[in-house]
Amino acid sequence: MQNLTLIQSILLFAVPAIFAITVHEAAHGYAARHFGDRTAEVLGRLTLNPLKHIDPIGTVLVPLGLLVMSKTTGAPLVLFGWAKPVPVGTRNLRNPQRDMAIVAAAGPASNLAMATGWTILLAAANAMGDTVPMAEPLAYMAYFGLFFNVILAVFNMMPIPPLDGGRVVSGLLPPRAAMSFDRIEPFGMFIIIGLLVSGLLWQIVGPVVGVVINFFLALSGL
């Protein structure tokens, strides 16, 4: 993908990135409504309209900055981002501890579902070869979609509150242990930032991301 210009990379990356983050957040809202909480719906966040979920920093500036840095310096492309979290009223859930774990897992699950779709599109674009003029840019976009969705799923499933993985772990623990585990949450973002700045974050999630992407590519025969 090094033969793409910066503008081409941004254009091909924007659609799958925004779609990945938007569907991730909407999935939380739809799952919460299924289990009895309509907070997201009341606040107008139960929608696939990306404008309702975009965070100017996490959805635009951070991914764009990482992409620009990769294209201008030749450094490996390491991407992640976030959207405005969909509000969930835990007390409205029928079984708060169990249901919150499922609501949290719905976001990463949606990313894996989208990764499957982008993998199918990638296989189709590669099968077209040079016979279809749009096949190559479509393949690039599909690979971006696969890559970004897998990163979002793996990163968010790290067992650190307030990430989705932390919510899932809390939902699986006995109530007293869950309360103790949840006390980490005020420090969770500091832990994540520390891992990012130290370079340990990619060392942790990178191998998992590689295994998952290779799994999807193997399924498609690529």
Helix 96-128: inclination vs the chain longest Cα principal axis, degrees, rounded to 10, gives 10 degrees
For Ile191 and Val15, extending 7 Å from Cα along the Cα-Cβ vector and measuring point to point gives, in nm, a value of 3.8 nm
Per-residue ellipticity at 222 nm attributable to helices in the chain (runs of n ≥ 4 DSSP H, -39500 (n - 2.57) apiece, nearest 500 deg cm²/dmol) works out to -23000 deg cm²/dmol
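If we count every other residue with Cβ under 13 angstrom of Pro159's Cβ, Lys/Arg +1 and Asp/Glu -1, where does the sum land? Don't skip to the answer; put the middle values down first.
Details: positive: Arg167; negative: Asp164, Asp182, Glu185.
After counting each charged neighbour, the total is -2.
Net charge near Gly107: determine it from the other residues with C-beta under 12 Å of the C-beta of Gly107, scoring Lys and Arg +1 and Asp and Glu -1. Walk me through the intermediate numbers first.
Numbers: positive: Arg167; negative: Glu25, Asp164.
Net charge in that neighbourhood comes out at -1.
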A student applying the Cα gyration tensor rule (rounded when a/c is under 1.5; otherwise prolate if a/b is larger than b/c, oblate if not) would label region 58-150 oblate
Under a Gaussian network model of the chain whose springs join Cα atoms within less than 10 Å, the largest fluctuation of Leu196, Leu152, Leu12 belongs to Leu196
Once Lys and Arg are counted +1 and Asp and Glu -1 for all other residues with Cβ under 15 Å from that of Asp37, the total becomes +4
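Since every read-out is calculated from the coordinates, none of them should be taken as a lab result. Being a predicted model, the structure only gives us computed values, none of them experimental. Positions of Cβ are backbone-derived with ideal geometry, glycine not excepted, and every protein chain shown enters the neighbour counts.
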